[in-house]
1. Give the residues of the range 339-378 that are among the aromatic types (Phe, Trp, Tyr) and under 16 Å from Asn327 (Cβ atoms), sorted by residue number.
2. Could you please give the count of residues in the range 331-352 that are within 26 Å of the chain's Cα centre (by Cα) and either surrounded by 14 or more Cβ atoms within 10 Å (Cβ to Cβ) or aliphatic (A, V, I, L, M) (or both)?
3. Tally time: how many residues in the range 374-388 are over 11 Å from Gln353 (Cα atoms), buried (at least 16 other Cβ atoms within 10 Å of the Cβ) and among the charged types (D, E, K, R)?
4. Given the conditions (1) surrounded by 13 or more Cβ atoms within 10 Å (Cβ to Cβ); (2) in contact (Cβ under 8 Å) with a residue 40 or more places away in the chain; (3) not aliphatic (A, V, I, L, M), which single one is not true for Pro74?
5. Within the group Tyr92, Tyr86, which residue is under 21 Å from Tyr235 (Cα atoms) and open to solvent by less than 30 Å² (accessible area, probe 1.4 Å)?
6. Within the range 322-345, can one find any residue that is β-branched (Val, Ile, Thr), at pLDDT below 85 and outside any helix (DSSP H, G or I)?
7. Mind checking which helices (runs of 4 or more DSSP H) fall wholly inside the range 121-233 and carry at least 2 residues that are crowded, with 20+ Cβ neighbours inside 10 Å and of a type in the set (S, T, N, Q)?
8. With the condition kept exactly as written, say whether any residue in the range 45-60 is at pLDDT below 90, in contact with a strand residue (DSSP E or B) (Cβ under 8 Å, 6 or more places away or on another chain), open to solvent by 20 Å² or more (accessible area, probe 1.4 Å) and within 18 Å of Ser257 (Cβ to Cβ).
Amino acid sequence: MKLKRLNFYFELFEKGRVIPHYESIRNNTNNKIIYGNKTFSENGNSEIVVVGCVPPYFDIKINKEDRCNAFEIPSRLGFMANLEGYSNVDDYMKDNLKRQRKQINRKIRRLEQCFDISYKSYYGEIKREEYDMLFDSFRLMIQKRFSQKGMQHEGLKRWKEYKQNVYDLILLKKATLFTICVKDKPIAISLGYNYQNILVSTICSYDIDYAKFGLGQIDTVKNVEWCLNNGFDRYDMMWGDLRYKREWSNVIFTYKSHIIYCGASIGKMATAYVVGRLAVLKKLLSAKKSQFFSWKLISSLQREKAPLKDEDFKLQVQAIPIDNIVNRDELLKLNIEELQQYSFLREKVYDFQYINFEHSSSTQVYKASNNTYFIEGKSNKMKLEYTKSPMGT
């Protein structure tokens with residue numbers, strides 16, 4: 001007996017495929033049929049199909065002509081913003097993000113005060129060269145952010161597939177790429193899939209050097225704003241119980257897993273039952289983070305066994321406010337945006353801009369020695385002293 005595992009989101013939203021043994025799917029949020037043709041599986045009644053991550057806002061019927069049956073088991077939580085009745089994002093925030101609204105708007109103003117910011121969405125049109133550049137930047141943002149956390153991002157395992165498929169989906173208006181840029185440099189990117197009235201927020205990331213500006217929240221504001229301006233009344237943030245999702249959601253639901261089996265034999269029914277119970281157990285273990293080994297632990301053990309290299313050291317910095325910069329003529333002026341070898345300075349420079357309301361055009365960076373640097377704005381100055389220490393200390 002063959003076992004097939006499918007993810008409802010990936011099959012429907014990303015690949016546009018008809019799921020085996022589904023006779024029809026109705027979108028209950030707008031009462032429209034997604035598809036209603038009877039579809040038969042290639043393998044007939046020789047398989048069990050496990051369809052995970054089925055949202056409850058879809059009404060699904062199993063094709064009885066396949067002589068199939070199904071049962072449901074509850075899965076993880078999902079998060080959604082129901083935007084019906086709202087004309088703009090600020091009204092939605094007033095009702096659902098009362099405490100956070102002022103802080104988020106303050107972050108937006110600060111970002112726009114400190115940098116030349118542009119927001120752009122790609123929906124129905126994008127140049128291939130620009131697409132390739134954005135996707136490469138997107139991947140680097142994710143790698144850098146999750147390396148900082150000591151975690152792996154599941155989406156990177158399918159990155160080639162994403163990059164290959166999403167370009168055509170954007171042209172077909174089945175996907176949207178959102179960007180926040182400083183001049184021409186992307187500092188936050190998010191990908192969403194479009195289906196009827198629903199925008200599914202799939203992957204998002206940002207340049208962690210700009211972490212103080214709250215780019216994740218700003219990106220969500222722009223996503224919801226885009227939905228309201230383009231006729232989408234559901235913003236689905238998918239699974240993953242994160243703080244920002246709870247803040248932005250006015251609907252929290254439980255996903256289902258469909259266990260579909262064909263035929264009425266006791267063996268098939270028993271196998272389907274066991275598969276379903278194992279799926280529940282797996283989700284429970286995942287929710288409790290009951291893992292014996294993590295990527296972070298393995299990495300740290302590998303570092304302990306191997307001789308320390310340059311990449312095994314981290315830079316520690318002491319930031320000291322100062323009144324004056326002495327011996328200015330002996331200092332080397334740096335362009336940290338163009339010189340990659342000084343990229344480690346960017347986070348502290350951007351933090352300085354955030355704290356002191358300084359625009360990048362009025363912020364200068366100087367090198368005094370291999371471990372001493374100066375930041376100068378219109379009214380404030382700071383000295384940075386860097387030292388190296390082994391990772392994990």
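The values are calculated or read from the model by the stated rules, or taken from the named source; none is laboratory data. Quick caveat, the model's predicted, so the values are computed rather than measured. Cβ coordinates were reconstructed from backbone atoms using ideal geometry, including for glycine residues, and neighbour counts include every protein chain displayed. Surface accessibility is based on the protein's heavy atoms, side chains included, excluding ligands, DNA and RNA. Shrake-Rupley method; radii C 1.70, N 1.55, O 1.52, S 1.80 Å.
1. Initially, the range 339-378 is screened for residues among the aromatic types (Phe, Trp, Tyr), giving 342, 344, 350, 352, 354, 357, 366, 373-374.
Within the range 339-378, Tyr366, Tyr373, Phe374 qualify.
2. Taking the range 331-352 as the starting set, the residues that turn out to be within 26 Å of the chain's Cα centre (by Cα) are 337, 340, 343-351.
With the extra rule that they be either surrounded by 14 or more Cβ atoms within 10 Å (Cβ to Cβ) or aliphatic (A, V, I, L, M) (or both), the set shrinks to 337, 344-351.
Result for the range 331-352: 9.
3. Number of matching residues: 1.
4. The single condition Pro74 does not satisfy is (1).
5. Unique residue meeting the criteria: Tyr92.
6. Within the range 322-345 (the criterion being β-branched (Val, Ile, Thr), at pLDDT below 85 and outside any helix (DSSP H, G or I)), the answer is yes, since at least one residue qualifies.
7. 215-229
8. no
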